[in-house]
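Participant: I am attaching a structure below and will ask some questions about it afterwards.
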Amino acid sequence: MSNPPKSTTIPHIVKEEVIASGKWLKLEKTTYVDPVGNTRIWETTKRTTRQANAADGVGIIALLKRTLHKDCVVMVKQFRPPIGCCTLEFPAGLIDEGESAEIAALRELKEETGYKGEVIGVTPVTCLDPGLSNCTTQIVMVNINGDDLENTNPTQQLGDGEFVEVLLLPLDEFQREIDDLIKKENIVVDSKVYIYGMGMSQAFFKPNELRVLKQ
């Protein structure tokens, strides 16, 4: 096996040219220089809605806490046209102009699930699919007081064309519930969700009992 060529330069973007643009997305031809000095072309998708100095959107890990109930992760199921079927995801959405990640997360959580929560943590800006797009997100951790009167009968505030089903999955059985759902339905699970499930399995059980490693 031959050794990879040694880096001779710092990779950098030379220019970005818009090939096509729509309301929400644009396709660009990205010209860049690789680590050995070669000029190359990449096709890149970008959102047209990004605000200055902000991530494109937020993902929300919301834990519903109720007296005499197991803690549950609030999930959403919805049809996604690019996938052609329903997906299981964390509640999520784009950051509007003037919003922080925290404010956007609480707004999106209320709209998609009806729940009112309290932010307990926010990640740095992270990438989603860097081989395809420059899209970024911040994951916001939220606790929901399920005993609060406002959260005992939550009402979604969905926009036109939004159809979101809310699912509550027990935290201590999170990965098992997801695996069961995959077997029963034609559904694709967001990778962030499944990785979170694997982490919860490791937290609740011994590492060698992690189900995906036994398959």
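Participant: In this structure, is Glu165 open to solvent by less than 80 Å² (accessible area, probe 1.4 Å) and at pLDDT 90 or above?
Facilitator: Details: open to solvent by less than 80 Å² (accessible area, probe 1.4 Å): no; at pLDDT 90 or above: yes.
Judged against the criteria, Glu165 is not a match.
Participant: Of the residues in the stretch 181-206, how many are within 21 Å of Leu64 (Cα to Cα) and over 20 Å from the mean Cα position of the chain (by Cα)?
Facilitator: Selection size over the stretch 181-206: 3.
Let's see how each residue does on (1) touching a Cys at 6+ places or on another chain (Cβ under 7 Å); (2) surrounded by fewer than 16 Cβ atoms within 10 Å (Cβ to Cβ); (3) among the aliphatic types (A, V, I, L, M):
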{"residue": "Gln138", "(1), (2), (3)": "no, no, no"}
{"residue": "Ile144", "(1), (2), (3)": "no, no, yes"}
{"residue": "Thr152", "(1), (2), (3)": "no, yes, no"}
{"residue": "Leu158", "(1), (2), (3)": "no, yes, yes"}
{"residue": "Pro170", "(1), (2), (3)": "yes, yes, no"}
{"residue": "Phe174", "(1), (2), (3)": "no, no, no"}
{"residue": "Asp180", "(1), (2), (3)": "no, yes, no"}
{"residue": "Ser191", "(1), (2), (3)": "no, yes, no"}
{"residue": "Phe204", "(1), (2), (3)": "no, yes, no"}
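Participant: Sort out which residues of the stretch 19-49 are β-branched (Val, Ile, Thr) and open to solvent by 90 Å² or more (accessible area, probe 1.4 Å), and write them in order of number. Spell out how you get there, then give the answer.
Facilitator: Within the stretch 19-49, the subset β-branched (Val, Ile, Thr) is 19, 30-31, 33, 36, 39, 41, 44-45, 48-49.
The answer is Ile19, Thr39, Ile41.
Participant: Continuing with the same structure: Here are Ile187, Ile195: which of them is open to solvent by less than 50 Å² (accessible area, probe 1.4 Å) and modelled with pLDDT of 90 or more?
Facilitator: Just one listed residue meets the conditions, Ile187.
Participant: Give the residues of the stretch 94-123 that are open to solvent by 80 Å² or more (accessible area, probe 1.4 Å) and at pLDDT 95 or above, sorted by residue number.
Facilitator: Within the stretch 94-123, Ile103, Lys116, Glu118, Ile120 qualify.
Participant: Considering each residue of the stretch 156-199, count those that are farther than 21 Å from Val58 by Cα and β-branched (Val, Ile, Thr), and give that number.
Facilitator: Residues that pass the stated criteria total 3.
The values are calculated or read from the model by the stated rules, or taken from the named source; none is laboratory data. Since this is a predicted model, take the numbers as computed values, not measurements. Neighbour counts are summed over all protein chains in view; Cβ atoms, including those assigned to glycine, are modelled from backbone coordinates with ideal geometry. Quick note on the areas: whole protein, heavy atoms, side chains included, nothing else; ligands and nucleic acids left out. Shrake-Rupley method; radii C 1.70, N 1.55, O 1.52, S 1.80 Å.
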